[in-house]
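This report concerns only the one structure given below.
Every number in this text was worked out from the coordinates using simple rules, so none of it is lab data. Just so we're clear, the structure is a prediction, and the values are computed from it rather than from any experiment. Here the Cβ positions follow ideal geometry from the backbone for every residue, glycine too, while neighbour counts run over all protein chains shown.
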Amino acid sequence: MTRRTVRIAMNGVTGRMGYRQHLVRSILAIREQGGLALGGGEVLWPEPVLVGRREHALREIAERHGLTEVATDLDAVLADDSIDIYFDAQVTSAREEALKKAVAAGKHIYTEKPTATDLAGALDLARLATSAGIKHGVVQDKLFLPGLLKLKRLIDGGFFGEILSVRGEFGYWVFEGDWQEAQRPSWNYRSEDGGGIVVDMFPHWEYVLHELFGRVTTVSAHVSTHVPRRWDEQGKPYDATADDSAYGIFQLDGGAVAQINSSWSVRVNRDELVEFQVDGTHGSAVAGLRNCRVQHRSATPKPVWNPDLPVTESFRDQWQQVPDNAEFDNGFKAQWELFLRHIALDEPYHWDLLAGARGVQLAELGLRSHAEGRRLDVPELSL
C-alpha cells in the first residue's frame, strides 16, 4: 500500500461549519479511516494546514486533533509550492478575494458557498479558475443527505410519474442572544457582513432543485426580518440588518412549481429541520435530512372535507418509509471524497464554480424580486 499525500490549506476552520463538518467530520474522518483508497494499492492522505487570523484558536484546534501546521499569513501559505488545494469556509465577505489569490497561485479550489457577494464576482471567479486550468469545486452538501438520496432514487425509478410540485420547509428558532445564547454567529444577521437567509439558503435550493427536478427558470420571493434586534457573542445588542426569513416560489424547467419557506424565526413542527414534499401524478414523497416517506396513488386514501366531524385517522400513518438500502456517510465527507478523487484521478466532477455562481444568481434575483415586488426570469448562465 502506497501513500500519496495531498496538502490542503483550510481557511475558516475556527468557524462552526469549517471546524465541525469540514475538518472533523470530513478531512480528519478520512484520515481516521486510513485515507482515501484510490485503487491499485494507492491511498490518498489529506494533510490539513489550518489557516486563519487567530493563531491561538488555530493552535488549540491543532493540539486537540494532533495536527502540527497552522498559519495566519494566507499569502505565505499560497506561495508554498507544497500546498495542493485551498479550501475556504470564511465569512462570505472575505471569500472572493481569498479565492482569487488562490487561483493566481495555481491552487486547486474547494469552497463553501456562496462563492461571492454578487453574481458578477461569482462568474469572474469561475472564469478565472477555468482559464487557469485548475480544478474547482463548491460545497453542495444537501445532495448527499440520506433523505435526498432516497428521493433521487425514487425520481430515477419513475415513482412519481409527472412531477407537479415541490414544497419545502426549512428552519428553526434561532435565539436572539439575550436570555439564551444564539445558535448561529451574529454576522449572519448583518447584511453589511454578508449575512441573510436568502444569500445563505437560496444557493442550496438552487442546486437541490436543479439536480433533482430541473433548472429554476423564474423566481418570486418575499423576505422579512422578523426579529430586528439581537445580541452578539459579547452580549451586546445590535440591529439585525439582514433578512431572517424568505418565502420563495420557483418555476422549474419542465413545468413543475417549487415553493420553499426558509426561516430562522420559526418553531419546528415537522419531523426534521428541512423537509421537501414532492407530489406527482403517480405518487408523493416527503424527504428530510435522513428519512423519506412515500404514498403511491394505489394506496392514496380519499379524504372528504367535513369540518363538523373530528378527524378519525392519522394522515401520517398512511405513508410508508423508504428503506435505506445503502450505507450513508456524512454528506460533507462524501463530497470531499469525490473532489479529492477528482484531483487525484481526474474523475468527473460538475459541482464547480459555475454551479456555485448559479446559487449566487438565484439569491441575487430573489432579493431583487422582493425589492421590485415582481416575478423575475432566471437566465441560464455560461462562461
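Model label sites at SER382 and THR217, defined 7 Å from Cα along the beta-carbon direction, differ in position by 1.8 nm. Ordering 45-58, 104-117 by mean Cβ neighbour count within 10 Å, with the highest value first, yields 104-117, 45-58. Rounded to the nearest 20 debye, the dipole size of the range 285-336 about its Cα centre is 140 debye, using +1 on the Cβ of Lys and Arg and -1 on the Cβ of Asp and Glu. Summing charges over neighbours of GLU206, with a neighbour being any other residue whose Cβ is under 13 Å away from its Cβ, gives -1 when K and R count +1 and D and E count -1. Listed by chain and number, the lysines whose C-alpha is less than 23 Å from the C-alpha of LYS100, apart from same-chain residues fewer than 8 away, are LYS113, LYS135. Comparing VAL268, VAL198, HIS222 along the charge dipole axis of the range 148-283, the residue lying farthest to the positive side is VAL268, per the Cβ-charge model. All C-alpha to C-alpha distances of the chain, sorted into 20 Å bins beginning at zero, yield P(r) values of 26, 57, 17, 1 percent in whole numbers. Relative contact order for the range 136-258: what percent, with Cα pairs under 8 Å and sequence separation of 6 or more? The value is 28 percent. Within the shell defined by Cβ-Cβ distances under 11 Å, the residues around GLU96 carry a net charge of -1, with Lys and Arg each +1 and Asp and Glu each -1.
Beta carbons within 10 angstrom, averaged per residue: use that to sort the peptides 297-304, 255-262, 79-86, highest first.
Working: 297-304: 8.9, 255-262: 18.6, 79-86: 16.6.
Packing order, densest peptide first, comes out as 255-262, 79-86, 297-304.
How many percent of all Cα-Cα pairs in the range 1-105 sit more than 16 Å apart?
Numbers: 3090 of 5460 pairs.
Summing the P(r) tail past 16 Å for the range 1-105 gives 57 percent.
Once you reduce the range 8-35 and the range 157-193 to the center of their Cα atoms, the two points are 23 Å from each other. Extension gain, GLN180 to ALA132, is 12.5 nm, computed as 0.36 nm per intervening residue step minus the present C-alpha separation.
Take every Cα pair under 8 Å in the range 8-161 that's 6+ residues apart, average their separations, divide by the length, and report that relative contact order as a whole percent.
Numbers: 206 pairs, mean separation 29.4, N = 154.
Across the range 8-161, relative contact order equals 19 percent.
Computed from phi, the 3J(HN,Hα) profile of the range 228-245 under the Karplus parametrisation 6.51, -1.76, 1.60 (θ = phi - 60°) reads x, 9, 9, 10, 7, 5, 9, x, 9, x, 8, 7, 7, 9, 9, 5, 10, 8 Hz, with x in place of Gly and Pro. Each Lys and Arg Cβ is given +1 and each Asp and Glu Cβ -1; about its Cα centre, the chain then shows a dipole of about 440 debye. Between the helical axis of 55-64 and the longest alpha-carbon principal axis of the chain there is an angle of about 80 degrees. Between LEU345 and ALA120, the contour length at 0.36 nm per residue exceeds the alpha carbon distance by 77.9 nm. By its C-alpha gyration tensor, with a ≥ b ≥ c as the square roots of the eigenvalues, how is the range 267-383 shaped: rounded for a/c under 1.5, else prolate for a/b larger than b/c, else oblate? Oblate, since a/c reaches 1.5 and b/c is not below a/b. For the range 248-361, the residue among ASN325, GLY280, PRO303 whose Cα projects farthest onto the positive side of the dipole built from Cβ charges is PRO303.
Taking the Cα centre as origin and putting +1 on Lys and Arg beta-carbons and -1 on Asp and Glu beta-carbons, what dipole magnitude results for the range 118-166, to the nearest 20 debye? Intermediate results must be reported in sequence, preceding the final value.
On the way: 6 positive and 5 negative charges, 45 e Å.
Computed about the Cα centre, the dipole is about 220 debye.
Projected label points at LYS152 and PHE315, each 7 Å from Cα along the beta carbon direction, are separated by 3.0 nanometres.
Net charge around ASP156, counting only other residues with Cβ within less than 14 Å of its Cβ (Lys, Arg = +1; Asp, Glu = -1)? Before the final figure, lay out the partial values.
Working: positive: LYS150, LYS152, ARG153; negative: GLU211.
Charge balance in the 14 Å sphere: +2.
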